[in-house]
Amino acid sequence: MSKANQYDAIVVGGGHNGLINAAYLARAGLRVVVLERRHLVGGAAVTEEIFPGYKYSVASYVVSLLRPSIIRDLELVKHGLTILPLESTITPLPGGDYLGRWADHDQTRRELYRHSARDADAYEDFGTLMFQLARAVKPLLGVVPPNVASPGLRDLRTLLSLGKHGRSLSRQEVHALFKLMTMSAADFLDEWFECDPLKATMSASGIIGTFLGPRSPGTAYVLLHHYIGEIDGVFRAWGFAKGGNGMVSEAIASSARSRGAEIRTNAGVESVLAKNGRVQGVVLEGGDTLTAPTIVSGVDPKRTFLQLLDPGELPEDLTASIRRFRIRGSSGKVNLALGELPEFSCLPGRGAHHRGAFSISPSVNYLERAYDDAKYGGFSRKPYMDILIPSAIDPGMAPPGRHVMSIFVQYAPFDIEGGWDDAKRDAFGDAVVDTLSEYVPNLRDAILHRQVLTPLDMQEEMGLTEGNIFHGELSLQQLFFFRPAPAWSDYRTPIRGFYQCGSGTHPGGGVCGAPGRLAAREILKDLYK
Amino acid sequence: MTADAVVIGAGHNGLVAGAYLARAGLRVVIVERRRAPGGCAATEELWPGYQVDTGAHSLVAIDSRVARDLRLADAGAEFLSPDPCIVSPQEGGGALILGHDAARTAGCIRRFSERDAARWPEFLAAMSRAARTLSALYATLPPKLAVPGRGEVGELLRLAVRLGRTGRRDAVELLRLIPMSVDELLGEWFGSDAVKGTLAATAIRGICQGPMAPGTAYMFLHQMVGADGVVGRRRQLRGGMGALGETLQRIAEAAGAEIRLGRSVKSVTVDDDGRATGIELASGKRIAARYVISGADPGQTLLGMVDSGELAPEFSRALTNIRYRGVCAKVHLALARAPRLRGVDGSGADAASPCGSGAAEEAVLAGAALTIAPSIEYVERAYDDAKYGRPSESPVIDAVLTTALDPGLAPEGRHVLSALVQYAPFSLADGQWNEAREEALGDAVVSALATYAPELPNLIVHRHVLGPAGLARRFALPEGNIYHGEMTLDQVFFGRPLAGWARYRTPVENLYLCSAGTHPGGGLDGRPGAAAAARILRDHKRGRRRNR
């Protein structure tokens, strides 16, 4: 075998976590190659010109939790990452009114007063508590989950340090955390607010990527994510990457390359080779073989353990855990190229709000009804939507005077009754455009091109099993030391030299990068111990 | 009048707590609003000759330690436990029959799915293991969930050791199961609608959630504690469920407790130091006591009977945030004779099969609960109605011919059918519960049952409906919640009734809680009452030592 195909480490999948992992390994002096099946890197964080002249952030569309330490370590700003703040979140209401929350704190307060004086006051206290809780939870994002099934010394040390951290919290914080981890977003918010659209819009962040409704227990804790992003202090909570979310991936890739990592596109991995419980190399789809003593999988747990590897190489309880790991996709994406700026009837004309987000979540019942459709195997006829107009934030996304619109849509079950086909994809796209047209009268006539991604499309095009955007549902029993399986939540696998670094590991999904970084840390620990 | 301890409410938990305290030598007075003891374990003669269980018509099991300590068996309570225990008729014909014998039940499941039948014994073993681990948790005080100080660390360690003893793997597995939805739990094992729907119905009882909601797997396991590995295990008492209260009354009285029926408590009296000193009755009469133990729900006790000035505003706010959301109703029918179940296909072969209509009918006539929950989707859709503030159009029903095992409950040849119905939300989207709505609910239940027992409507001699508001009034249940607080994950263990107050004490010194609204929650098992008494006795001993 030629020396060219021998590496110190091979990373399977060029999504953001794979790239981050490779960058850290390369930084430590390893000869690393990233193998990406598609013609471009980024996985679900890609910018593509599907319609000439118009750039779509095809799937993932905002930056929220990207760890500041990663931005610093990998010098992502130097490598082209610019995050533009979002001005606002507007929730258009059926009667022609709207509920707005703005980057400007006082403006938000005035706006909330307009809807409910009580909520405007509660919003302050709520924010304070959530900041405290976010601070309490944040250290967990940087911890390798302990193995509680058969704890070793290292695991006990982790537990001890977590216990110590726990002791620094106040009684009120501990109680609120307990409630936050177990309650539904709607119930949790009910204790604070009365304004339905406010509760709906806030609880919507708790259902993104889940197959649950806002009244389902376990949806409250995601409310914290928003605030965790905010205390990082580097960027505002939700930002837009200049050039689209693909630029996040490009910046990481550029950083990795500058440290000597090799990135191969159009290089899908067929399988991972293991012998006597030790990893050997990978076989590419074309049949080529690459070897390395360390192989890292950035793809989801189902693919990692059930497809890349021969499950016969793995202990049965692990494959059983992975088989029942829930990874139901529940969302879709619609990208539009528009001939003119969309106008919202609740806020006529051009304004700062165009540089913010729009949330179609007029009431908690609206979201629940959307969920009901999905429970019984259909897409939501009136879906929840989280919308950006990237070209209004970054004019480079579309030709002058023209626009692109990014619409995250929920719910769209992977297991739709009868299966997804072209007709259903079109009907799904129509439901989105029809619903949105109720709030944006000029939308339909402005559409030049429409891209509709169903969960099946996300599986086929981006390799997300069942189209789940988080590589596995973020339900309580699939978090921390359960992610993706008890005893295998420390990025290692039963195969020596074979590691996992995707969102299917702690702390999970979103363009956060922590799994890629923590996995690199564990790998380097094993190599240099 | 003075006592060592006064107990508010002679529900089963109040009686159990009172009995334990009296046995320890305390002078105990138990005060009850109604004219009969037992609380929700109530049997009333609604029509001459018909003894009807107007509250609960089944229990899984009295906690074995409570039964042993109080010598329940010697006190004359006779528990009847039918086998088979559940008959779940299916829309496509046939019925799923669950009984005590795993192999026999598997034989019946085979009719619906070969694969599910094969997995049944293994499933029972796994659930029994999880229930065993859970019952270990039920036998301890939940940790305080506060900033762990020295004492709490010790308790946490003890809990860890206790869990470790049941097996670390089992403990981790339980931790995985608890937050799951029952849909997900059952999905890991079974494929057939019949099995999943029937089992899911036991996991949503008393909560305003559907089987697809996270945390319902916990409720399934909660029902398995004390069930000796039998899904759907049900027991009733000879003479009606009211016999439970009467038996516990006899036990408490024999131990020296005094029980006063027909007396409402107006308030808990508190001295200047914020210590409970006794109670004041609606009549104005006072009973002084060193300890006050409330079997009323936590909200009613602390917000209704204690002066609001005694509580910190945050604590009061947390109390008002306890979710009750009653969703149950009861429908009681007096029947001219036992109803026949619909023949499935009329052929002789069906009647002879272990799951045929013949076997199903026989089981119901032997006391099995007739469960209407043919699929998860059926149950979830019933919940959808409640979610938007409407009673279920097609409700989930657990109906028992209580006279099957105990013919003495009705005149010769006649029968009583008691149905627990879900979902009937306490808070309606439009208006309030009233008689017309209750009758409409009664109609819906009779017509749902008539799908499987077509002649039922013609057999009804009397009908009585208790909606959630009716249950709330009759049994002083908060918003009609049968468990004194929804058993959702945030409101169990450390969180029951409130985070930081899961150990039967309250901010008012010497005022304790012992109802189903405390750990480990609802079900007629006596655990909260016994645990509260243990806590009081420990404090009592400590106090005496201090005074010495």
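The values are calculated or read from the model by the stated rules, or taken from the named source; none is laboratory data. Quick caveat: nothing in here was measured; it's all calculated off a predicted structure. No Cβ is skipped: glycine too gets one built from the backbone with ideal geometry, and neighbour counts run over all protein chains shown.
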_Selection status of B:Gly517, under 26 Å from B:Gly215 (Cα atoms), in a loop (DSSP other than H, G, I, E, B) and more than 14 Å from chain A (Cβ to nearest Cβ)_ = yes
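In contact (Cβ under 8 Å) with a residue 24 or more places away in the chain and touching a Cys at 6+ places or on another chain (Cβ under 8 Å): which single residue out of B:Cys85, B:Cys108 fits that description? Outline the logic, then answer.
On the way: B:Cys85 fails: touching a Cys at 6+ places or on another chain (Cβ under 8 Å).
On inspection, the qualifying residue turns out to be B:Cys108.
For (1) within 14 Å of chain A (Cβ to nearest Cβ); (2) more than 20 Å from the chain's Cα centre (by Cα); (3) more than 17 Å from B:Lys387 (Cβ to Cβ), each residue gets a yes or a no:
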| residue | (1), (2), (3) |
| --- | --- |
| B:Met180 | yes, yes, yes |
| B:Glu184 | yes, yes, yes |
| B:Trp189 | yes, yes, yes |
| B:Val195 | no, yes, yes |
| B:Leu199 | no, no, yes |
| B:Thr202 | no, no, yes |
| B:Gly206 | no, no, no |
| B:Gly210 | yes, no, no |
| B:Gly215 | yes, no, no |
*Filter the range B:313-338 for residues that are more than 22 Å from the chain's Cα centre (by Cα) and in a strand (DSSP E or B); which is farthest from the other protein chains (Cβ to nearest Cβ)?*
B:Ala334
*Could you grab me the full set of residues in the range A:411-445 that are in contact with a Lys or Arg (Cβ under 9 Å, 6 or more places away or on another chain), among the small types (Gly, Ala, Ser) and not in a loop (DSSP other than H, G, I, E, B)?*
A:Gly429, A:Ala431, A:Ser437
*Which numbered condition A:Ser475 fails, given (1) touching a Lys or Arg at 6+ places or on another chain (Cβ under 8 Å); (2) buried (at least 24 other Cβ atoms within 10 Å of the Cβ); (3) farther than 26 Å from A:Gly244 by Cα; (4) not charged (D, E, K, R)*: (2)
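Would you mind stating whether A:Ala267 is at pLDDT 95 or above, more than 14 Å from chain B (Cβ to nearest Cβ) and surrounded by fewer than 24 Cβ atoms within 10 Å (Cβ to Cβ)? I'd like the intermediate steps shown before the answer.
Details: at pLDDT 95 or above: yes; more than 14 Å from chain B (Cβ to nearest Cβ): yes; surrounded by fewer than 24 Cβ atoms within 10 Å (Cβ to Cβ): yes.
Answer is yes for this residue.
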*Can you tell me which residue among A:Glu473, A:Glu466, A:Glu461 is closer than 30 Å to A:Pro399 by Cα and either within 20 Å of the chain's Cα centre (by Cα) or within 14 Å of another protein chain (Cβ to nearest Cβ) (or both)?*
A:Glu461
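Tell me, yes or no, whether the range A:236-259 has at least one residue that is more than 24 Å from A:Tyr113 (Cβ to Cβ), of a type in the set (Val, Ile, Thr) and at pLDDT below 95.
Filtering the range A:236-259 down to residues more than 24 Å from A:Tyr113 (Cβ to Cβ) leaves A:239-259.
Now restrict to residues that are of a type in the set (Val, Ile, Thr): A:248, A:252.
Those still in the list that are at pLDDT below 95 too: none.
No, the range A:236-259 contains no residue that is more than 24 Å from A:Tyr113 (Cβ to Cβ), of a type in the set (Val, Ile, Thr) and at pLDDT below 95.
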*Consider only pairs whose beta carbons are under 6 Å apart and that are at least six residues apart or on different chains; among these, list those whose first residue lies in the range A:349-367 and is more than 14 Å from chain B (Cβ to nearest Cβ) and within 16 Å of A:Val404 (Cα to Cα) and whose second residue is in a helix (DSSP H, G or I) and modelled with pLDDT of 95 or more.*
A:His354/A:Ala392; A:Arg355/A:Ala392; A:Arg355/A:Ile393
*Residue selected from the range A:149-194 under the condition under 30 Å from A:Ser321 (Cβ atoms) and part of a loop (DSSP other than H, G, I, E, B), by the criterion farthest from the other protein chains (Cβ to nearest Cβ)*: A:Gly152
*What's the number of the condition B:Pro507 fails, among (1) crowded, with 24+ Cβ neighbours inside 10 Å; (2) farther than 21 Å from A:Arg215 by Cβ?*
(1)
_Suppose we filter B:Gly191, B:Gly284, B:Gly239, B:Gly229 for residues that are assigned to a loop (DSSP other than H, G, I, E, B) and without any contact (Cβ under 8 Å) to a residue 40 or more places away in the chain; which single one remains?_
B:Gly284
*Quick one: B:Asp490 ticks every box in (1) in contact (Cβ under 8 Å) with a residue 40 or more places away in the chain; (2) within 14 Å of chain A (Cβ to nearest Cβ) except a single one, so which number is it?*
(1)
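When you scan the range B:367-392, how many residues do you find that are of a type in the set (Phe, Trp, Tyr), assigned to a helix (DSSP H, G or I) and within 11 Å of chain A (Cβ to nearest Cβ)? Spell out the reasoning first.
Kept after step one, since they are of a type in the set (Phe, Trp, Tyr), are these residues of the range B:367-392: B:378, B:383, B:388.
Next, from what is left, pick out any that are assigned to a helix (DSSP H, G or I): B:378, B:383.
Okay, now just the ones that are also within 11 Å of chain A (Cβ to nearest Cβ), so B:383.
Result for the range B:367-392: 1.
Against the definition (at pLDDT 90 or above, more than 9 Å from chain B (Cβ to nearest Cβ) and assigned to a helix (DSSP H, G or I)), how does A:Ala134 come out, yes or no? Steps first, answer last, please.
Details: at pLDDT 90 or above: no; more than 9 Å from chain B (Cβ to nearest Cβ): yes; assigned to a helix (DSSP H, G or I): yes.
Answer is no for this residue.
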*Residues of the range B:27-81 satisfying the condition of being of a type in the set (D, E, K, R), touching a strand residue (DSSP E or B) at 6+ places or on another chain (Cβ under 6 Å) and buried (at least 21 other Cβ atoms within 10 Å of the Cβ)*: B:Asp53
_From A:Gly213, A:Gly209, residue being part of a loop (DSSP other than H, G, I, E, B), under 26 Å from A:Tyr371 (Cβ atoms) and within 13 Å of another protein chain (Cβ to nearest Cβ)_ = A:Gly213
